[in-house]
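Input: a single structure, listed below in structure tokens.
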Amino acid sequence: MTGFRIANGGLIDRSTNLTFKFDGKSFKGHQGDTLASALIASGVHLMGRSFKYHRPRGVISAGASEPNALVELREGPRKEANTRATMVELYDGLIATSQNRWPSLENDFLAINSLASSIFVAGFYYKTFMWPKTFWEKIYEPLIRKAAGLGTASKEADPDTYEKSYAHCDLLVIGSGPSGLMAARTAARSGARVILADEGSALGGSLLFENEEIDGTNGLSFAQTIIAELASLPNVTLMPRTTIFGWFDGNIFGGLERVNDHVAVPPAFEPRQRYWRIHAKRAVLAAGAEERPLVFGGNDVPGVMLASAMRHYANRYGAAAGKSIAVFTNNNSARRTVGDMKDHGINIAAVIDTRKNGKIINVKGGKGVKSIDLSDGSHFECDAVAMSGGWSPIVNLMCHRGAKPIWNEIIAAFMPPDVGPQFRAIGSASGKMLLSECLNSGIVAGTLKGKTPPTPKCKDEAFAIQPFWWVKESTSKAFIDYQNDATAKDLPLANREGYGHVELAKRYTTTGMATDQGKLGNVNAIAILAEAAGKSISEMGTTTFRPMYTPVSFGAFAGPFTGHHFQPVRKTPLHDWAIEQGAVFVETGLWMRSSWFPKAGEDWLASASREVKATRAGVGLCDVSTLGKIDIQGKDAGAFLDKIYCNTFSTLAIGKARYGLMLREDGVVFDDGTTSRLADDHYLMTTTTANAARVMSHIEFCHQALWPELDVQYVSVTEQWAQMAIAGPKSRATLQKLVDGLTLNDETTPYLAAKDITILGGLTARLFRISFSGEHAYELAVPADHGNMVARAIMQAGQEFEIVPYGVEALSMMRIEKGHVAGGELNGTTTAGDLGLGKMMSTKKDFIGRMMATREGMVDPARQCVVGIRPVDRTMKIRSGGHLLKQSDRPSMANDQGYICSVAWSPMLDMWLGLALLSNGRARHGEVVKVFDGLRGHHYLAEICDPVHFDPENRRLHA
Amino acid sequence: MHRVSSLQTIAIQGRFGADKGAPGVTLSVVHPLAIAMVIARNGKSKALKDALASLKSVNVLWAGPDQYYVQSAAKSEAALYTELKTKLANIASVTDQSHGRITIRISGPKARAVLAKGTPIDLYTDEFPVGKSALTQMAHVGVHITRTGKDEFTLSVFRGFSESFWEWLTSQAAEFGYQVS
Amino acid sequence: MLIPCPHCGTRPVEEFTFLGDATVTRPTSLEPSSMDAWMDYVYLRDNPRGDYTEYVHHSGGCRAWLVVKRNTDTHEVDSAVATKTMKAKT
């Protein structure tokens, strides 16, 4: 545990001094550092505690696969849990806190779990906490959650913004190491649109830290020259700090760009992260290969790290992991670490190669490496151990759509599957272990047209490996999955207990289930499990690879669509007028509708009651612009409507409106509304607000898929017209003042008239004499831009009649008083007959739903049909949802007779009343039933009556 | 009569968002505008195309199979509707949509980058040349988009969504800085 | 998933709404004896693994109803044709 800053070299800016805090203690680092490299350079190896045993853990990797060095980054609302210190770019003022320890990282009481580890073997949750059953929820689970867990989430709202964006390219290059750069340059030079994405803060991949020689120069300057060229090309997009996290159908890739994670607070107007959807004609996976740990006792002691990570820290960040190191390997590549460390003046205490001179049995040390014991009995002092168990191509993305990787004996690794030409692996991600092969594979993949350019000359290092999976002689724990504390012994145990299938062993031992998803440990686990099961690695196979490659924040998925912007808001053309009138709005679907217009001191009920009374006494104005309006034209428009509606429209006179009822093909009522005939070949349909979009889709289906031979055209005009209901005995007198050159009376404008008029001296308008309130009423439609102006003019015209604006609450009261069915009754279970509209169904034509509506069950007299309902105690409030029973019956499913579907306070009748669905209801008017309200746990008596509670003779309508 | 756009009090002129020199995009509301939807009657696809090609001083924009928006900033909505009704009699159905849709123009070097945050359509010039229109969705709102120049597009949405859409569009343009004119 | 709309070009699946089996044909008879055919048409659907032909509405685009042939197992989309054109040909 004696990491230090090497005197010179590396890609850090030593002229900058960045101050940061880890667990409250101040440290310094440089621009270009990661949190992990700055901590190592400061001599800190202990960065976290393990999940189960709370063992002290240090950083093991230098990249995205890090299982140990997880920290809570930042504080307050910007706090982010489980952040990999290896991926966090250092900035001035950075604050990080270790997690999963109590009270502190140095002294963790729960490390006692490690002493009791014999009971914490794989599957221990299932075995230990089974009994008594009642203990689980109250005792075991809270305890386990306290002891085992990672970072904590901030409970404050995230103050930053997130974005989504689409991108398109001919070639997406994932990874910017030697092969990725070659692919990008080759494709870019041929004019292709190229996106080069890399999860790192800088492009260059392994060339940022490996000593290579290419084209007569060092690897780094070779990379920088290419990156500069790519940056200058208009057809190339460079995306550093962007993780391609998933591969999806259609060769679409998900990407997460960490736009401003490397600063404390994003600059104004910039998002923290951006979620990309990249549509790539072709893509290449140049993600490189992951070095594997070796499995031996104490392979988790802080200071034990991957050999490549050790040279990554030293070469790129000038951060030495120790003063005297041991190297443990089963392959050639760790020789680089030996050479590089020597160059940095670091002592090599021992080089242990399983192919030559034995194994490390145990690492000694608690919070840092002190010494190692070898299989030959020798013993070396050292303060860090570099290990290399071979290389695994990072195949994840290529397996996201179900293909499985293929085991290769020569390099002892899973190779990416062949998933077709649109997505190919290149470089070490495809198992190429020589630099020249990597460069060449990139050039070949980047050649989208023309001749393949020559491959730059480079120096290769021969690669050879002899698989070695587990030092069984180890006496201390040998870890497979660091984060979840799965040890080598857990896998044979899983096999013995019947969980030998790779997917079962994963769940039984939790190997590969942590936030790192087994990036380092899975291949070791599969090999050990295969041996225990007496199978080959190839037979054992891998677990399933799924997106996301690394964790993606919820914020990025949500993008800008949060809070007020969760869904779009739709406003009517009368919105400003409604605000002037003091409207309280209600969300109806996406629409904002005026719900009631309270005067000082009024609650919703007082306001809506006053609106009803004033409308029924004089005149009221209601915004009904949200009703769906569909313009239907064409020679066969009438014939088409006859198919859509259960009643007939081809016979409707020009200039008249008719109530229409639409069924679904299964015979259930779908929607209703008033449809007018404006000309011989021109109708205007209205739909309910709720079903407007569904009706439009239905019309499109019926025409395009069922009857395309009909000459009919349709388009939504919902938004073109501001529509107002003007209702009440003074509605005619009010409107008369606006209308140009037309005397409104029963001759010119009879009930159900629909006509084009002009108002206010030439403004186009449509006038319909229709009523939902039961009053003498009109609906007036004007082009939307004039809506507010016309509404104000009507209010002025109606002033002498004490006109009121009324909202959907008053509208609902009036429709229930009149027994008009609406959403509560058109609820997807009712037939036309149930609604009392059975006679509307034509018997002279085919229409959607006709046949199915004739089924026995659909015409059964015992069906529940719409009735009116009132409490016997007229002072009582009733609510919808209550079930209807015969007076003598107990509440049960068998005794259920129906339920209340709509209720309202009736200002006119001075009581609560409603509409209900009641079995054989039309024959039961006058009967007193029991209403059982299970939700509120009470029951009461109610009288069944005709649904039309108010003005049953419809005198007001025709007044 | 004076038409009042749904963005009249929302789209306030000025310079907004990040200040990085010249604005990344310029936004403006194209209003008033006369718009008619014309849809070919059965078997009249070609006749409609020909008839539309002969129209003068209007913009004809593709708006779906055998459907077009015919637009004019100079003509009144009544004049355009009447003219089309007459000229396209028995060829197409004509519906006035002048008030039902709000058209926003977006131009500038970052126009494509802003729109990429909303539409899955590839707006690269080779794929989406000047004059091309498409129907898509941005920020959960149906949008009719037309390229009117190298770095210039018009977006047309249902009037009722215009305020919500404007809020989204301006928030996405903010990082580049935008001018409302 | 991407669907090649014949009018709009290739678009992502979120712009579309699925309705189900497009190989069923709406019966024309209104005789009570045809009820079985109607029941099949309205209710009975296969749920195949593999090739599937279904109605898809480009609800977030040109609003055309399409018949899309796709593989429910591999998610490969074979073709997308407007219902209007299909019916015109037959």
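The values are calculated or read from the model by the stated rules, or taken from the named source; none is laboratory data. Predicted, not measured: the structure shown is a model, and the values here were computed from it. Glycine also receives a Cβ, built like all others from the backbone with ideal geometry; neighbour counts cover every protein chain displayed.
Points to keep in mind about this one:
- Of the residues screened, A:Thr515 is one that is of a type in the set (Ser, Thr, Tyr) and surrounded by fewer than 21 Cβ atoms within 10 Å (Cβ to Cβ).
- Listed by first and then second residue, the pairs linking a residue in region A:1-23 that is on the phi > 0 side of the Ramachandran plot to a residue that is assigned to a strand (DSSP E or B), with Cβ atoms under 7 Å apart and 6 or more places separating them unless they lie on different chains, are A:Asp23/A:Thr97; A:Asp23/A:Ser98.
Residue by residue, here is whether (1) among the aliphatic types (A, V, I, L, M); (2) within 14 Å of chain B (Cβ to nearest Cβ); (3) touching a residue at least 40 places away in the same chain (Cβ under 8 Å) holds:
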position	(1), (2), (3)
A:Arg593	no, yes, yes
A:Lys599	no, no, no
A:Ala606	yes, no, no
A:Asp631	no, yes, yes
A:Asp636	no, yes, yes
A:Ala639	yes, yes, yes
A:Lys643	no, no, yes
A:Leu652	yes, no, no
A:Val668	yes, no, yes
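- Check on C:Trp65, free of Cβ contacts under 8 Å to residues at least 60 places away in the same chain, under 11 Å from the mean Cα position of the chain (by Cα) and at the interface with another protein chain (Cβ under 8 Å from one of its Cβ atoms): yes
- Scanning region C:11-21 for residues that are within 8 Å of another protein chain (Cβ to nearest Cβ) and either touching a residue at least 60 places away in the same chain (Cβ under 8 Å) or outside any helix (DSSP H, G or I) (or both) yields C:Arg11, C:Pro12, C:Thr17, C:Leu19.
- Residue match in region C:12-24 (condition: surrounded by 14 or more Cβ atoms within 10 Å (Cβ to Cβ) and charged (D, E, K, R)): yes
- Verdict on A:Ser906 being without any contact (Cβ under 8 Å) to a residue 12 or more places away in the chain and either farther than 30 Å from A:Asn647 by Cα or surrounded by fewer than 19 Cβ atoms within 10 Å (Cβ to Cβ) (or both): no
- Listed by first and then second residue, the pairs with beta-carbon distance under 7 Å, at least 6 apart or on different chains, first residue in region B:159-175 and facing chain A (nearest Cβ under 7 Å), second surrounded by 20 or more Cβ atoms within 10 Å (Cβ to Cβ) and of a type in the set (S, T, N, Q), are B:Arg159/B:Ser6; B:Gly160/A:Thr572; B:Glu163/B:Ser6.
- Residues that are within 14 Å of another protein chain (Cβ to nearest Cβ) and of a type in the set (A, V, I, L, M, F, W, C), drawn from region A:842-866: A:Phe847, A:Ile848, A:Met851, A:Met852, A:Ala853, A:Met858, A:Val859
- Filter pass, B:Ile102 being crowded, with 19+ Cβ neighbours inside 10 Å and within 12 Å of chain A (Cβ to nearest Cβ): yes
- Within the set A:Leu760, A:Leu780, A:Leu706, the sole residue that is more than 23 Å from B:Tyr69 (Cα to Cα), more than 11 Å from every other protein chain (Cβ to nearest Cβ) and at pLDDT 95 or above turns out to be A:Leu780.
- One residue stands out among those in region A:479-498 that are touching a strand residue (DSSP E or B) at 6+ places or on another chain (Cβ under 8 Å) and in a helix (DSSP H, G or I): the one that is farthest from A:Ala527 (Cα to Cα), which is A:Asp490.
- In the set (1) of a type in the set (D, E, K, R); (2) touching a Gly at 6+ places or on another chain (Cβ under 6 Å); (3) assigned to a loop (DSSP other than H, G, I, E, B); (4) buried (at least 16 other Cβ atoms within 10 Å of the Cβ), the condition left unmet by C:Glu54 is number (3).
- For B:Lys49, the test of being away from chain A (no Cβ under 13 Å), assigned to a helix (DSSP H, G or I) and over 15 Å from the mean Cα position of the chain (by Cα) is passed.
- Of the residues making up region C:25-42, those that are more than 8 Å from chain A (Cβ to nearest Cβ) and either exposed (fewer than 15 other Cβ atoms within 10 Å of the Cβ) or within 26 Å of B:Ile121 (Cα to Cα) (or both) are C:Thr25, C:Ser29, C:Glu31, C:Ser33, C:Asp36, C:Asp40.
- Test result for C:Met1, facing chain A (nearest Cβ under 8 Å), under 30 Å from A:Phe248 (Cα atoms) and surrounded by 13 or more Cβ atoms within 10 Å (Cβ to Cβ): yes
- Checked against the criterion of being within 28 Å of A:Asp603 (Cα to Cα) and either within 14 Å of chain B (Cβ to nearest Cβ) or modelled with pLDDT under 95 (or both), the candidates A:Ala791, A:Ala765 yield just one match: A:Ala791.
- Of all residues in region A:557-577, those that are under 14 Å from A:Tyr162 (Cα atoms) and more than 9 Å from every other protein chain (Cβ to nearest Cβ) have Cβ atoms under 7 Å from Cβ atoms of residues that are hydroxyl-bearing (Ser, Thr, Tyr) and surrounded by 19 or more Cβ atoms within 10 Å (Cβ to Cβ), 6 or more apart or on another chain, in A:Phe557/A:Tyr275; A:Ala558/A:Tyr162.
- Just one of the listed residues (A:Ser436, A:Ser428) is buried (at least 18 other Cβ atoms within 10 Å of the Cβ) and either part of a loop (DSSP other than H, G, I, E, B) or not hydrophobic (A, V, I, L, M, F, W, C) (or both), and it is A:Ser428.
- Residue in region B:12-22 that is surrounded by fewer than 18 Cβ atoms within 10 Å (Cβ to Cβ), among the aliphatic types (A, V, I, L, M) and away from chain A (no Cβ under 14 Å) present: yes
- Test: residue in region A:683-701 that is touching a helix residue (DSSP H, G or I) at 6+ places or on another chain (Cβ under 8 Å), within 12 Å of chain B (Cβ to nearest Cβ) and of a type in the set (Asp, Glu): no
- Residues of region B:130-145 that turn out to be away from chain C (no Cβ under 14 Å) and out of contact with any Gly (no Cβ under 7 Å at 6 or more places or on another chain), as a count: 1
- The set of residues in region C:43-55 being more than 10 Å from chain A (Cβ to nearest Cβ) and under 30 Å from A:Ile252 (Cα atoms) consists of C:Asp46, C:Asn47, C:Pro48, C:Arg49, C:Gly50, C:Asp51, C:Tyr52, C:Thr53, C:Glu54.
- Condition check for A:Asp834: outside the structural domain of A:His949 (by TED's automatic domain parsing), in a loop (DSSP other than H, G, I, E, B) and out of contact with any helix residue (DSSP H, G or I) (no Cβ under 8 Å at 6 or more places or on another chain): yes
- The residues listed here are A:Thr675, A:Thr648, A:Thr588, A:Thr615; of these, the one that is touching a helix residue (DSSP H, G or I) at 6+ places or on another chain (Cβ under 8 Å), modelled with pLDDT under 95 and not acidic (Asp, Glu) is A:Thr588.
- Filter result (within 30 Å of A:Ala606 (Cβ to Cβ), touching a strand residue (DSSP E or B) at 6+ places or on another chain (Cβ under 6 Å) and aliphatic (A, V, I, L, M)) within region A:885-906: A:Ile900, A:Val903
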